[in-house]
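**Student:** Questions regarding the structure given below will be posed in turn.
The values are calculated or read from the model by the stated rules, or taken from the named source; none is laboratory data. Quick caveat: nothing in here was measured; it's all calculated off a predicted structure. All Cβ positions, even for glycine, are placed from backbone atoms using ideal geometry, and neighbour counts span all protein chains on display. When the accessible area is computed, the model is the full protein with side chains, heavy atoms only, and any ligands, DNA or RNA have been set aside. Shrake-Rupley method; radii C 1.70, N 1.55, O 1.52, S 1.80 Å.
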Amino acid sequence: MAETIVMVHGVNCGGWCFEPFRAVFEARGFECLTPDLIGHGADKTDGIEKLTGVGIADYRAQMRDLVAALPKKPIVLGHSMGAVIAQQLAAEGLAEKLVLASPAPRAGILPSSDPEKQLSQDLMSLGPFWTRAFDPNFEIACSISLNRLPPDRQRQMFEAFGPESGQALFELFFWMFDRAGATAVDTAAVTCPVLTLSGTEDNVVPLATAMATAEAYLGSPFWALEGHAHMLVVEDGAEEIAGRIADWLG
């Protein structure tokens, strides 16, 4: 039976963002699942309504149900916010191996850069943003997440983006005020092999923050990918990155 890779996407995205990875993994014999989180991807129609009041726990429950229904434990690959969910699944013993790409910081990891702090401040300027969902902003996306894509592809990728839950963003950026601990991970319970990778030009999760994610998993590799940014899963060279991951997976 072929090994299965479940890929969990991040903020504003959908399973579509893993298409370059999927092509490489399937050519290597892996079975790939790229589900859309609630209100994302193919489910983004009326996403503002669907995502209002939805949080990380809802996304995690959705992915837990999918993974637990598989005939054997899969490899779980998470990108950005999806990497937090992937770690939580692994802590429940639901992952055979774990790949964390451009990982958003879990609870306990503080911002390491001025851009991260500015992003949090920008969110605070929106008022009680955690009570609603909202659409992404093109200029902000180009500056912080699509910064390594040419202008024509920036627009193409942005058009595929959808709204995001303000509650989920609150839980990610302001975990210290989240009484439910939605982004907490019991890292000691993660016993499977872990690979972490991040781009040197990532303006959302800089290398120091991504390395803080990896440091909890002693002896696990960390790849700093020169010239790549937050959306390394769709940037030029994504197929080469996927090939390296496939080599690591064995």
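**Student:** Between a first residue in the stretch 2-31 that is without any contact (Cβ under 8 Å) to a residue 60 or more places away in the chain and a second residue that is open to solvent by less than 30 Å² (accessible area, probe 1.4 Å) and assigned to a helix (DSSP H, G or I), which pairs have beta carbons less than 7 Å apart while being 6 or more apart in sequence or on different chains?
**Tutor:** GLY15/GLY41
**Student:** Inside the stretch 210-232, can you point out the residues that are crowded, with 21+ Cβ neighbours inside 10 Å and either more than 23 Å from SER112 (Cα to Cα) or polar (S, T, N, Q) (or both)? Steps first, answer last, please.
**Tutor:** Taking the stretch 210-232 and keeping what is crowded, with 21+ Cβ neighbours inside 10 Å, we get 210, 213, 217, 225, 228-232.
THR213 - this is the single residue of the stretch 210-232 that is crowded, with 21+ Cβ neighbours inside 10 Å and either more than 23 Å from SER112 (Cα to Cα) or polar (S, T, N, Q) (or both).
**Student:** Tell me which of these PHE129 doesn't satisfy, since it passes every other one: (1) open to solvent by less than 10 Å² (accessible area, probe 1.4 Å); (2) of a type outside the set (A, V, I, L, M); (3) farther than 24 Å from THR52 by Cβ; (4) over 16 Å from the mean Cα position of the chain (by Cα).
**Tutor:** Here PHE129 clears every test but (3).
**Student:** Scan the stretch 177-206 residue by residue and report those that are part of a loop (DSSP other than H, G, I, E, B) and small (Gly, Ala, Ser). Working first, answer last.
**Tutor:** Here is the first cut: in the stretch 177-206, the residues part of a loop (DSSP other than H, G, I, E, B) are 178-186, 190-193, 200-206.
If the condition is that a residue be part of a loop (DSSP other than H, G, I, E, B) and small (Gly, Ala, Ser), then ALA180, GLY181, ALA182, ALA184 are the ones that fit.
**Student:** Since VAL194 meets every condition but one in (1) buried (at least 20 other Cβ atoms within 10 Å of the Cβ); (2) in contact with a Phe, Trp or Tyr (Cβ under 9 Å, 6 or more places away or on another chain); (3) without any contact (Cβ under 8 Å) to a residue 60 or more places away in the chain, which condition does it not meet?
**Tutor:** It is condition (3) that VAL194 fails.
**Student:** Something else: Look at ILE75 and say whether it is closer than 19 Å to PRO163 by Cα, within 19 Å of the chain's Cα centre (by Cα), crowded, with 21+ Cβ neighbours inside 10 Å and not hydroxyl-bearing (Ser, Thr, Tyr).
**Tutor:** Details: closer than 19 Å to PRO163 by Cα: no; within 19 Å of the chain's Cα centre (by Cα): yes; crowded, with 21+ Cβ neighbours inside 10 Å: yes; not hydroxyl-bearing (Ser, Thr, Tyr): yes.
Taking the combined requirement at face value, the residue does not satisfy it.
**Student:** Tell me whether the stretch 108-127 contains one or more residues that are in contact with a helix residue (DSSP H, G or I) (Cβ under 6 Å, 6 or more places away or on another chain) and of a type in the set (D, E, K, R).
**Tutor:** no
**Student:** Can I ask one more? Filter the stretch 174-188 down to the residues that are open to solvent by less than 60 Å² (accessible area, probe 1.4 Å) and of a type in the set (Phe, Trp, Tyr), then identify the one that is farthest from ALA86 (Cα to Cα).
**Tutor:** Step by step, filter the stretch 174-188, then rank; the result is PHE174.
**Student:** If VAL6 passes every condition in (1) open to solvent by 50 Å² or more (accessible area, probe 1.4 Å); (2) closer than 22 Å to PRO105 by Cβ but one, which one does it miss?
**Tutor:** Answer for VAL6: the failing condition is (1).
**Student:** Now, a different point. Can we say GLY93 is farther than 26 Å from ALA188 by Cβ and small (Gly, Ala, Ser)? Full working, then the answer.
**Tutor:** Details: farther than 26 Å from ALA188 by Cβ: no; small (Gly, Ala, Ser): yes.
Taking the combined requirement at face value, the residue does not satisfy it.
**Student:** Then there is this: Just need a number here: residues in the stretch 207-229 that are within 14 Å of the chain's Cα centre (by Cα) and assigned to a loop (DSSP other than H, G, I, E, B).
**Tutor:** Counting residues in the stretch 207-229 that are within 14 Å of the chain's Cα centre (by Cα) and assigned to a loop (DSSP other than H, G, I, E, B) gives 1.
**Student:** Further, regarding this structure: Which of the residues that make up the stretch 13-31 are crowded, with 24+ Cβ neighbours inside 10 Å and either under 24 Å from ASN137 (Cβ atoms) or under 11 Å from the mean Cα position of the chain (by Cα) (or both)?
**Tutor:** Hits for the stretch 13-31 are CYS13, CYS17, PHE18.
**Student:** Looking for whichever is within 19 Å of the chain's Cα centre (by Cα), part of a helix (DSSP H, G or I) and closer than 21 Å to ILE85 by Cα here; the options are PHE170, PHE158. Which one fits?
**Tutor:** On the way: PHE158 fails: closer than 21 Å to ILE85 by Cα.
Step by step, each of PHE170, PHE158 is checked, and only PHE170 is within 19 Å of the chain's Cα centre (by Cα), part of a helix (DSSP H, G or I) and closer than 21 Å to ILE85 by Cα.
**Student:** Return the residues of the stretch 105-126 that are acidic (Asp, Glu) and open to solvent by less than 40 Å² (accessible area, probe 1.4 Å); say none if nothing qualifies.
**Tutor:** Keep residues of the stretch 105-126 that are acidic (Asp, Glu), which gives 114, 116, 122.
Across the stretch 105-126, the qualifying residue is only GLU116.
**Student:** In the list ILE140, ILE144, which residue meets the criterion of being open to solvent by 70 Å² or more (accessible area, probe 1.4 Å), of a type outside the set (Gly, Ala, Ser) and modelled with pLDDT under 95? Outline the logic, then answer.
**Tutor:** Working: ILE144 fails: open to solvent by 70 Å² or more (accessible area, probe 1.4 Å).
One residue alone meets the criteria, ILE140.
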